[in-house]
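Chemist: Handing you this structure, nothing more for now.
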Amino acid sequence: MSFMKKMLGQRSAEEMAGQNQDNNLGLMHLRKLFTDFRHPTVKATQKNQEEKLYSMLPLFIKVFEKTQSQEMADRWSDVLQFCSHVSKLMVTEIRRRASNQSTEAASCAIVELLEMESTAESGNGWMLLTAINLLSQGGNTLIDCMTAASLPSTLVKCLYLFFDLPPVTDGDSQEPDSEFTRLEKRILLQKVFVQVLVRLCNHTSPAEELARKDDLSLLFSAITSWCPSHNTIWRQSAGEVLVTLSRHGLTSQVVSYIHGKNIISIFC
C-alpha cells in the first residue's frame, strides 16, 4: 500500500512540475507578446493593436487563473501596464456600442460583445471580461489603474442600460457546439459582470470615481426604478454593488456627494 501511495505521490509531483513548467513557458511567451505589442517594429493601427491585445487574453488567463492576486506583480512586472491597456480596451469597446444608440440597442450590443460564444474559452468580449475579472482581484495599484481608465463608471452605466434588455428568446435552446443554453450564458454573464463591479467597489478609488462622474446616482436610481420582471436580476445586482460600496467606499468625498445630491431623500 505504501508503495502505491509513493508511486501515486510521485506521479502527482511530476504532473505538478510539468504544469509549472508549462505555466512558466506561457509566461515567457506572454512577456514577449506584450513587449512586441508595446514596441511594434512597424507603425500599427489601433485595430492592429486591439487584435494583438485580444490575442494575448487567453494566454494571460491560462497563466494567471490559479495565481494568487498578490503574486501577479511578483511574477510579471508589466502586469500594471497590461491592466491599463485591457481596461482601456473594455471602455473603448463599450463606448463604441453605446454611442448614438437607443438604450435597448446599446444594451443588446454590449451583451452581444460580452457574452461567451460557444464555449467558456471563446468570444473576444468574454475573454476580455474574464481577464478584467482576474485583474480585479489585484490590490489597490491594479484597481487604481482600472479607475484611471474610467472602468468602474463605464460598467455602472452598462448595468443601468441592462435594465432595458429584452427577454432572452428561446432561453432553453442551445446553439450548435455550445456548452450552455442562451439563458445560462446570460446568467453567467450577469454573475461575472457583477463580480467585477463588487470587487472594484471593495476599494475606495472606484467609489470616488463614481461620485466624481455623477454615476453613483445611477446605482440608487437602479434599485428604485421600475424594470421588467426578466431584468430584476440586474436590479438585485445594483443592490449588491451598493451594499459593497457602503461598506468599503464611504470616503469623505463620497459622503459629501451623497449629501450634496440629496440622494437619500430622492431615492430612499
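Chemist: If I ask for residues that are open to solvent by less than 20 Å² (accessible area, probe 1.4 Å) and among the β-branched types (Val, Ile, Thr), which ones from the range 195-251 would you list?
Modeler: Within the range 195-251, Val196, Val241, Thr244 qualify.
Chemist: For the range 63-83, state whether one or more residues are part of a helix (DSSP H, G or I), surrounded by 14 or more Cβ atoms within 10 Å (Cβ to Cβ), free of Cβ contacts under 8 Å to residues at least 40 places away in the same chain and not hydrophobic (A, V, I, L, M, F, W, C).
Modeler: No, the conditions are met nowhere in the range 63-83.
Chemist: Next question, about the same structure. Which ranges mark the helices (runs of 4 or more DSSP H) fully within the range 88-182 that have 3 or more residues being open to solvent by 10 Å² or more (accessible area, probe 1.4 Å) and among the polar types (S, T, N, Q)?
Modeler: 124-135, 140-148
The values are calculated or read from the model by the stated rules, or taken from the named source; none is laboratory data. It should be emphasised that the depicted structure is a prediction, and the values quoted were computed from it without experimental measurement. We place every Cβ from the backbone using ideal geometry, glycine too, and count neighbours over all the protein chains shown. Protein only, heavy atoms only, side chains kept; ligands, DNA and RNA dropped before computing areas. Shrake-Rupley method; radii C 1.70, N 1.55, O 1.52, S 1.80 Å.
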